[in-house]
Amino acid sequence: MSLNPKNALNFSGGPGALPEVVLNQVQQSIINVPEVGLSILGISHRSAWFEAVVRETEDNIRKLLNLPDDFHILFLQGGATQQFSQVPMTMLRGKKHAAEYLDTGYWSRKVVTEAMREGPVKVVWSGESDGYRRLPTEEELTFSPDAPYIHYVSNETVEGLQFNRVLGHDHVPRVCDMSSDFLSKPCEADKFSLIYAHAQKNIGPAGVTIVLIRDSVVQNGTKDLPAFLDYRRQIEAHSNLNTPPVFAIYVVLLVTRWLLNDIGGVEKMGEINRVKADLLFSILDNSDDFYHSWAAPEHRSDMNVAFTLPTKEIEAAFFEETRAADFSGLEGHRAIGGVRASIYNALSVSSVEKLAGFMQDFQRRHRK
Ligand code: PMP
């Protein structure tokens, strides 16, 4: 039986909806994790069971992304925001040459601000003058061979802009914030030196951030950092340096099992996500500009479909009617307003079909 049918229509930008099969297992685990006989909320982080949870979650992510052996996988706290600082602390502090950052939207702007506290930063491209409605073409990007690393955000969650290619050159380390599209499709992880992603969009609840980091980055990184902020110490401790978010990591384990066993891997997940995004964008494209897409067509995201309506009054009616029809989470980010339908992994094709149907009907009724 369904736990709560409204979950199926939760288009929240994050924390996002989780698969119902996972929620059912989570519900059970609050009372009793079957193989332990205790509530998940009261199991020691030093137990053999939790060590096995960490190991299996790592193995599942390794399998899902075909991750090379020289990557460490970490489950850290502090959200993606902590990585905005921890990355430059490790890779930029004391460096002469600038790290090269792309400024493609709300989240990259925040990353740049934090990186500048740690060392020289060059913004190689900014979407600001275009109002962050598009991403750079290959011709617009020139990277320096001397940069300690390049950094970009693979999917700008607020504006709904997603790269469909890997940027940069193989001889300069690539660092990427994949918070809003991690494990939503294959990502060519082997081309990166460091990938970070918080869990609360596609793979779990808030409270844990996954970091994939190459051993060479760890070896060459800054050496005198506080233990909590030192990737090396976190690796030695197998993500168990202090009390980790046991519950959040367990939920990530359940989602990775779901991705492997129920969905059939990230390739398949990517195909499903594409079907969902195509469905919504076709409504936008065939609406005679009643629904106006925020993102330029070639840079649209498969995760966040941001759009506006003809007037503020019609937009207010849209929110009112969607709420009455049990949809939730459709309000755009406060930075840009409008509507944003986030269609992360757990949103099913049939849920997106329901929204698409609603939008067509709404347009018929409200077209002037
Ligand atoms: N990066 C991206 C792409 C995001 O979407 C967000 C939050 N939605 C963040 C970073 C910040 O994440 P956190 O709140 O976990 O620090």
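The values are calculated or read from the model by the stated rules, or taken from the named source; none is laboratory data. Bear in mind the structure is a predicted one, so any value in this text is a computation, not a measurement. Cβ: placed from backbone, ideal geometry, glycine included. Neighbour counts: every protein chain shown. Surface areas here come from the heavy atoms of the whole protein model, side chains and all, with no ligands, DNA or RNA. Shrake-Rupley method; radii C 1.70, N 1.55, O 1.52, S 1.80 Å.
Just to confirm the filter: which trypsin sites (Lys or Arg not before Pro) across segment 73-182 are DSSP coil and have at most 10 other Cβ within 10 angstrom of their Cβ?
Filter output for segment 73-182: LYS96, ARG165.
In what order, largest first, do HIS292, HIS299 sit by accessible area if the probe radius is 1.4 Å?
HIS292, HIS299
Roughly what % antiparallel, to the nearest 5, for the DSSP beta bridges in the chain?
Here the share of antiparallel DSSP bridges comes out near 60 percent.
Springs between alpha-carbon pairs under 10 angstrom, Gaussian network model over the chain: which of GLU315, GLU156, GLU35 fluctuates most?
Maximum among the listed residues: GLU35.
Can you give the extra length, in nm with one decimal, that the chain gains between GLU313 and LEU38 once fully stretched, where that is 0.36 nm per residue apart less the Cα-Cα distance?
93.8 nm
Rolling a 1.4 angstrom probe over the protein heavy atoms, how many square angstrom per residue are accessible across segment 22-262?
Result: 40 Å² per residue.
Please list, ordered by chain and number, the residues whose modelled amide H lies under 5 Å from the amide H of VAL305; skip anything fewer than 5 residues away on the same chain.
ALA341, SER342, ILE343
Less than 18 Å from a label point 7 Å out along the Cα-to-Cβ axis of ASP69: which backbone N atoms in segment 180-208 qualify, by residue?
Once the point is set 7 Å along Cα→Cβ of ASP69, 190-191 turn out to lie under 18 Å by backbone N, inside segment 180-208.
In square angstrom, rounded to the nearest 10, how much accessible surface does TYR132 have for a 1.4 Å probe?
Accessible area, nearest 10 Å²: 20 Å².
Could you tell me what percent of the accessible area of segment 16-148 is made up of carbon and sulfur, with a 1.4 Å probe and every protein chain present?
51 percent
Looking only at LYS268, LYS185, LYS201, which one moves most when the chain is put into a Gaussian network model with springs between Cα atoms under 10 Å?
LYS268
Taking θ = phi - 60°, what integer Hz values does the Karplus form 6.51 cos²θ - 1.76 cosθ + 1.60 yield along segment 167-182, in sequence order, with x for Gly and Pro?
Values per residue, Gly and Pro as x: 8, x, 10, 5, 8, 10, x, 9, 10, 9, 8, 10, 3, 9, 9, 5 Hz.
Leaving ligands, DNA and RNA out of it, report the carbon-plus-sulfur percent of the accessible area of segment 259-365 at a 1.4 Å probe.
48 percent
Round to the nearest 10 and report in Å² the accessible area of VAL275, as given by a 1.4 Å probe over the protein chains' heavy atoms.
Result for VAL275: roughly 80 Å² accessible.
Ignoring ligands, DNA and RNA, what percent of the accessible area of segment 160-220 is carbon or sulfur (1.4 Å)?
The computed percentage sits at 45.
Normalised by the number of residues in the chain, what is the relative contact order in percent for Cα pairs under 8 Å and 6+ residues apart?
Here the relative contact order equals 23 percent.
With charges set only on the Cβ (+1 for Lys and Arg, -1 for Asp and Glu), what does the dipole of the chain come to about its Cα centre, in debye to the nearest 20?
Result for the chain is approximately 600 debye, rounded to the nearest 20.
Put MET116, MET89 in order of accessible area, largest first, 1.4 Å probe: what do you get?
MET116, MET89
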